[in-house]
Amino acid sequence: MAANLFLIGLRGTGKSTVGPLLAERLGLPFFDADAELEATAGRSIREIFAAEGEPPFRDLEEKLLVALIARGPAVIATGGGVVLREANRRRLSDSGRVVWLTADHATLWQRLQNDPAGGRQRPNLAGGGMSEIEELARQREPLYRSVAHLTISVVGRSPEQVASDIVTACSDSSSTKAR
């Protein structure tokens, strides 16, 4: 694979779990954009939101995306809100294959309940709980759909199965907009 492979989707879809598996199978480096952003900023995303608000965070996220793309071919797990900016959507589409990981709201809720670290590190963006998942899905799913070359449901599937499906689909050059 000669280009970047971006994983997009809501929090809890497994981008950070599937990404390293994909990178290993494809022989590419892996970058978790949220982890990279926190390391660069020296604080958690929740702390950045609390201190500065969402617009400054989105500025940092955009700069980081540019830097990660410049590093060359890699598997990149993006933050869930990276698609909110049109410039980022264009960068994703222009710089590689975009894979949208999806799950129903109940599955996402269960996964987030089982990830105690996620709640401490990530801000509530729409009130928390199931209502947050529903609101973020309403806002972001059309944006994810607009840039995705491939859409993969993670429901009832292991990260290894999801990674295998992505590798298979990406090696098939005829699946440019597979759903």
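The values are calculated or read from the model by the stated rules, or taken from the named source; none is laboratory data. The structure displayed is predicted, hence computed values, not measured ones. Heads up, the Cβs are rebuilt from the backbone with ideal geometry, glycines too, and the neighbour counts pull from every protein chain shown.
Scanning the stretch 28-78 for residues that are at pLDDT 95 or above and polar (S, T, N, Q) yields one hit, Thr78. Summed over the stretch 29-43, residues that are within 17 Å of the chain's Cα centre (by Cα) and either crowded, with 16+ Cβ neighbours inside 10 Å or of a type in the set (Lys, Arg) (or both) total 8. Taking (1) surrounded by 13 or more Cβ atoms within 10 Å (Cβ to Cβ); (2) among the hydrophobic types (A, V, I, L, M, F, W, C); (3) modelled with pLDDT of 95 or more in turn, Ala87 satisfies each apart from (1). Under the condition of being among the acidic types (Asp, Glu) and either assigned to a loop (DSSP other than H, G, I, E, B) or farther than 22 Å from Trp100 by Cα (or both), the residues counted in the stretch 36-77 number 5. Among the residues of the stretch 1-35, those that are in a helix (DSSP H, G or I) and under 23 Å from Arg85 (Cα atoms) comprise Lys15, Ser16, Gly19, Ala33, Asp34, Ala35.
Residue-level check: of (1) part of a helix (DSSP H, G or I); (2) buried (at least 20 other Cβ atoms within 10 Å of the Cβ); (3) β-branched (Val, Ile, Thr), Thr107 misses just (2).
Beta carbons closer than 9 Å, at least 6 apart along the sequence or on distinct chains, pair a first residue in the stretch 118-139 that is over 16 Å from Gly79 (Cβ atoms) with a second that is of a type in the set (S, T, N, Q) and at pLDDT 80 or above for Arg120/Ser44.
Looking only at residues in the stretch 69-84 that are crowded, with 16+ Cβ neighbours inside 10 Å and free of Cβ contacts under 8 Å to residues at least 60 places away in the same chain, the one that is farthest from Leu5 (Cα to Cα) is Leu84. Any residue at all in the stretch 111-129 that is surrounded by 14 or more Cβ atoms within 10 Å (Cβ to Cβ), in contact with a Ser or Thr (Cβ under 9 Å, 6 or more places away or on another chain) and modelled with pLDDT of 85 or more? Taking every residue of the stretch 111-129 in turn, none turns out to be surrounded by 14 or more Cβ atoms within 10 Å (Cβ to Cβ), in contact with a Ser or Thr (Cβ under 9 Å, 6 or more places away or on another chain) and modelled with pLDDT of 85 or more.
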